[in-house]
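Inspection log for the structure reproduced underneath, given as structure tokens.
The values are calculated or read from the model by the stated rules, or taken from the named source; none is laboratory data. All values derive from a computational prediction rather than experimental measurement. Note: ideal-geometry Cβ built from the backbone for every residue, glycine included; neighbour counts use all protein chains shown. Heads up: the accessible areas ignore ligands, DNA and RNA and are worked out on the full protein's heavy atoms, side chains in. Shrake-Rupley method; radii C 1.70, N 1.55, O 1.52, S 1.80 Å.
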Amino acid sequence: PQTQDSLLSRDDDAVEIEYRLDGDFHNFDDEQKEILLGEIAQELGVERNGLEEVEMKAGSIIVSFAGKQQAGNNTVAERATSVQPGGEVGGFQVLEGHVRRRRRPRQSKRSEDRAPTPQSVGSLQPEETSPAPSEDVMEEPVFGGAPEEEEMDEDEEELLPEGFYDPVDGFGVLVHGLQGVQRSGRLSVRVTICEEFDGGFMALEAAPTWKTSSHEMGMELGRYDWEERHVWTDVVYAPEGVKQSPVRLVLEVIEEQKGARLGDTLTEELIGWCSLTPFEWVEELEDSFPGILREEHKLPLFKHQDGRPKGTERLSSGILNTMVYDPFDEPPHVAVKTGSELDSDAWMLGQIKELPRLEYDKGHGIDIYVDMARFLPDNVSASKLTLCILAGNGKVLYGPVERTCVLGRSCFNPVFALRIEIRDEPLPPTATMMLQIDTIDLQSHAVRVVGYSALHLFAELDSHKQPRSGANQTACRLHSGHFQLPLSPKCIAAGSEIRATSLEKHAKLPCASVLVRIVEAVRTKDKIRALRARDFSLDEAKSKGLILGMPKYSSGSYDGSRCRPTADEIELYKVRQTRLDVIASDRIRVMAPD
């Protein structure tokens, strides 16, 4: 099998072969042991001096084969796997056996001298290759029985410096998504491991190319989401003694188009490319070593030249969001698909609404809905929402507006059903909406803050970003849409600039969020004045679109990208979905004194 061959073909590791035999030979003298080891070496087709006894006890023997001392590793694998339970080794009947690799200490000689051979590429479209077998597994079963874990020497673990890159362990790439590119077909991202060569790139033959699945554009024009990851092993940092790694990741965005007629073949078109290095040289006080460049990257896309990833011509405003990570330190965000790890009532990525193309004017008017909060902690009872609109310096521009939750609904998922109208109030482009949720603590009966949340009301003309203070920018767009916002247990520090991103430096309240909608107000037929709901009956206001009902969360109407769950939150969601729901008024009634 391919995995066994790869385990046995490394020239810098020792391979251990363990046999459980039907016999008691732990009392063998040296001569008897030597005869047994000689017969095992003969069975494996190796020289006796290449075989070493690791452990011999009643009914079991472990031998070590140093691959760098012998040729014919694949023959060893074939012979080891050919000995089936019931066969014989050294005159003893085989019960089961394993082949496993014994890793070397990571600070010993690295495997840079085994540099992979680069191959010239055109558009970086190599032949289809199967992913290389993972070598994170320390042991693979060869025949019969279950594998046993190998205990690592404690001294070995102490030799591993923090952040050290070992080709055996590898590195990972997580492709988040793409923005600023509008195509009619489905897009995917192909990642190729390369070396820089003569102003271009040479693909490494030993590193397989990886490609994400193909996705259609979301509701927001120009946005694609993947949240897919891949790990490469055995990619050499650099030749021995070289600090600057020549290895580059080349990421290409590909559009897949189906023909106009049934049966037409699928065609691919190169859309754009970008590149980054996955490595860095770490300088510490007492040591320096190669490491993984573990961080988020927002990479601008460039146009291909003659079908090759080269050149500096930008592809409009295309940005690819990705990150490099250590496989032993997985990114906190995980790819969650509806119907798999979580159902649609717990969390959904949802969709981003397209922003208005016209500049915002105060005569346009804004309707703000705060629909409900979700998955609040166990100690809440009745909750109260407070809404303010603040300038960057903290000045209150609108509010505060307070709303108590609907007492006849869940205290864990309180419904606020708050709607406010902003009509003639002059708001600066940097205005930020701040939300605060308070509750009466179930245990202490004291008023406590559950959490804070923030959202910018306006966006730059060419992006979804909040305009910067002091940029003399007056033109902006309404940041309209349906949003799921995380709650933070900490507020923005006094004296700090008020921005929608100011709370991101604080940890989130696990699983807790609030659902908000920002809607451009309905205007008169001549588009001069924004209408007010109070000027109509309830039915008329609804019929004119002045009052909009709350969407069902599982419909995917809310953009949940700000609340991507961590692995721990996935488990907490499952727990909170099973807890007994409590009506807010019932909990208050239980808490109230006689």
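Odds and ends about this structure:
- For the range 390-398, backbone phi angles converted through the Karplus equation (6.51, -1.76, 1.60; θ = phi - 60°) give residue-by-residue couplings of 10, 7, x, 8, x, 5, 6, 9, 7 Hz, Gly and Pro being listed as x.
- Nonlocal amide H pairs with VAL282, under 5 Å, H built at 1.01 Å: PHE289, GLY291
- Cβ-derived FRET efficiency at R0 45 Å, SER288 paired with GLU256, nearest 0.05: 0.50
- Using 0.36 nm per residue and subtracting the Cα-Cα separation, the extra length available between SER469 and GLU295 on full extension is 59.9 nm.
- Using the Cβ-Cβ distance between GLU269 and THR501 with R0 set to 25 Å, the FRET efficiency from 1/(1 + (r/R0)^6) comes to roughly 0.10.
- Using a simple spin-label model with pseudo-atoms 7 Å out from Cα toward Cβ, GLU47 and ALA391 lie 8.5 nm apart.
- For the range 449-559, the solvent-accessible area with a 1.4 angstrom probe is 50 square angstrom per residue.
- Efficiency of FRET from Cβ geometry, ARG448 and ASP424, R₀ 56 Å, rounded to 0.05: 0.95
- The phi torsions of the range 489-497, fed into the Karplus equation with coefficients 6.51, -1.76 and 1.60 and a -60° offset, translate into couplings of x, 10, 9, 5, 4, 4, x, 7, 5 Hz, rounded to whole numbers, with Gly and Pro shown as x.
- LEU461-ARG357 pseudo-label distance in nm [points 7 Å out on the Cα-to-Cβ vector]: 1.4
- With all protein chains modelled, accessible area of MET550 [1.4 Å, Å²]: 80
- Applied to the range 358-375, the Karplus parametrisation 6.51 cos²θ - 1.76 cosθ + 1.60 on θ = phi - 60° returns per-residue 3J(HN,Hα) values of 8, 5, 7, 10, 4, x, 5, x, 10, 10, 10, 10, 10, 7, 6, 9, 9, 6 Hz, with x for Gly and Pro.
- Fully extended contour minus Cα-Cα distance, from GLN305 to ARG534, at 0.36 nm per residue: 76.5 nm
- Across LYS211/LYS310; LYS211/LYS508; LYS298/LYS574, pairs whose alpha-carbon gap is larger than 27 Å: LYS211/LYS508; LYS298/LYS574
- Distances between placed amide hydrogens fall under 5 Å for LYS353 paired with HIS482, all partners being 5 or more residues away or on another chain.
- Per residue value of the accessible surface for the range 171-219 (all protein chains in place, 1.4 Å probe), Å²: 41
- Mean separation of Cα contacts under 8 Å (6+ apart) over length of the range 444-493, as relative contact order %: 46
- Of the accessible area of the range 399-481, computed with a 1.4 Å probe over protein heavy atoms only, carbon and sulfur atoms account for 49 percent.
- For the range 446-594, the square roots of the Cα gyration tensor eigenvalues, ordered a ≥ b ≥ c, give a/c of at least 1.5 with a/b no greater than b/c, which places it in the oblate category.
- Pairs beyond 19 Å (Cα-Cα), from LYS384/LYS465; LYS362/LYS525; LYS353/LYS552: LYS384/LYS465
- Burial ranking of peptide ranges 236-242, 271-277, 490-496, 417-423 (average Cβ count within 10 Å, highest at the top): 271-277, 417-423, 236-242, 490-496
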